1. From the list 224, 180, 190, exactly one residue is out of contact with any Leu (no Cβ under 6 Å at 6 or more places or on another chain) and within 18 Å of residue 250 (Cα to Cα). Which is it?
2. Hey, could you check the range 224-258 for residues that are more than 15 Å from the chain's Cα centre (by Cα) and either in a loop (DSSP other than H, G, I, E, B) or of a type in the set (Ser, Thr, Tyr) (or both) and say which is surrounded by the most Cβ atoms within 10 Å (Cβ to Cβ)?
3. Identify all residues within the range 206-259 that are at positive phi and charged (D, E, K, R); write none if there are none.
4. Of the residues that sit in the range 8-66 and are of a type in the set (Asp, Glu) and within 16 Å of the ligand (Cβ to nearest atom), which one is farthest from residue 98 (Cα to Cα)?
5. Six or more apart or on different chains, Cβ atoms under 7 Å: show the pairs whose first residue is in the range 176-191 and at positive phi and whose second is surrounded by 14 or more Cβ atoms within 10 Å (Cβ to Cβ) and in a loop (DSSP other than H, G, I, E, B).
6. Please pick out the residue among 191, 161 that is buried (at least 17 other Cβ atoms within 10 Å of the Cβ) and farther than 30 Å from residue 267 by Cβ.
7. Tell me, yes or no, whether the range 54-71 has at least one residue that is among the β-branched types (Val, Ile, Thr), outside any loop (DSSP other than H, G, I, E, B) and without any contact (Cβ under 8 Å) to a residue 60 or more places away in the chain.
8. Take residue 76 and decide whether it is of a type in the set (Ser, Thr, Tyr), part of a helix (DSSP H, G or I) and buried (at least 18 other Cβ atoms within 10 Å of the Cβ).
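Bear in mind that the values in this text are calculations on the coordinates, not laboratory data. Remember, it's a predicted structure, so these values are computed and weren't measured experimentally. Heads up, the Cβs are rebuilt from the backbone with ideal geometry, glycines too, and the neighbour counts pull from every protein chain shown.
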Amino acid sequence: MEGLAELHTHLGGSVSSDILWTLAHEQGIALPVKDYWDFDRLVTVSDPRGVPDLDSLDQIYHWTELIQSSPIAVETSVHAAIGGAYRSQGITTLEQRFNPMKRNRGGERDLDHIILAAIRGLDRASLEYPQVRAGLILMMDRTFTQRQNEIIVEKAVGCAARGIGGIDIAGPRPGHARYDYRSVQPMVEDARAAGLGVTIHVGEEGGDIGRAEIGEVLEVLRPDRLGHGILAAGDAELMRELREAEVVLEICPTSNLLTKALPDEEAVRWVFRMFVENGVRFTIATDGPEMMRTHLRDELELLLRLGALSREELDEANARGHEASFVRGQFRAARV
Ligand SMILES: [Zn+2]
């Protein structure tokens, strides 16, 4: 049986609470809670009703990123997330994304050490699970300066042959104003020229601003994939552009429900039917299985139960995930 593919997981949301708890203690990180179960609630979306907004999600990421802010913690996290995805979900194509500059304690830790530690975690997982094609995506941030984002892409280009498959940008819009994606266009062009894949977090929320951003990103950055992009559903022009440019959306249903990006299950169903009917390509992901308290098989079951996708359509989305992955080659361990 062909395994599952998951292309949109954040390292900060992919490591189980027990491993994060031990990492926090090993490093002597001051935590606001002393009980493991309180900690579990601190580092996951523990309320089934979700969080009020994306800013609240960033508060949760604050803790996981702080705990992952050392070479050993990054290595352990990458290694644990890949092995866990294969053992519990049968995931054989997995991409994990993270922002290395949110894991170096404001420059106190050397960025190269953080990135090479992530690659070491990837290499160790490749030896233990040669069935898995796994890769990393380095993320820029919308709150960062141009220079900070340039450095992240320089690092990604430098490690393009060693397991970094692509780049992304995420984070809140500064001042909630529309983000100017032209500011990262030169970096995106450099990444593409180096053979890296380009995916961009856009069209997750923000109504008309979010929709306008999808159009700008498609025109200015020419991405291979979009993180979310759900606001394009129902917009004939955007759906046509996505279809014609063969852009693949990475859709995370439970995450969208928990952050209120989509109001209810009916909205989830509608988004998927819109994309199917308009020939927009997509894959299914969790955004971060541990933080969202869902796993890829739960997402597939949810979509089936809602009548959002048929079994054949789910199979097609999974095949699309394997195809659209930025990880090249059959077995990474055999290639190096
Ligand atoms: Zn995401």
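1. Exactly one residue qualifies, and that residue is 224.
2. That would be 247.
3. Answer for the range 206-259, where residues must be at positive phi and charged (D, E, K, R): 222, 246.
4. We begin by selecting, within the range 8-66, every residue of a type in the set (Asp, Glu); these are 18, 26, 35, 38, 40, 47, 53, 55, 58, 65.
With within 16 Å of the ligand (Cβ to nearest atom) added as a condition, the list becomes 53, 55, 58, 65.
Working: 53: 21, 55: 17, 58: 13, 65: 9 Å.
Of everything passing the filter in the range 8-66, 53 is farthest from residue 98 (Cα to Cα).
5. Between residues of the range 176-191 that are at positive phi and residues that are surrounded by 14 or more Cβ atoms within 10 Å (Cβ to Cβ) and in a loop (DSSP other than H, G, I, E, B), there is no close pair.
6. It is 191.
7. Within the range 54-71, one or more residues are among the β-branched types (Val, Ile, Thr), outside any loop (DSSP other than H, G, I, E, B) and without any contact (Cβ under 8 Å) to a residue 60 or more places away in the chain.
8. Numbers: of a type in the set (Ser, Thr, Tyr): yes; part of a helix (DSSP H, G or I): yes; buried (at least 18 other Cβ atoms within 10 Å of the Cβ): yes.
Answer is yes for this residue.
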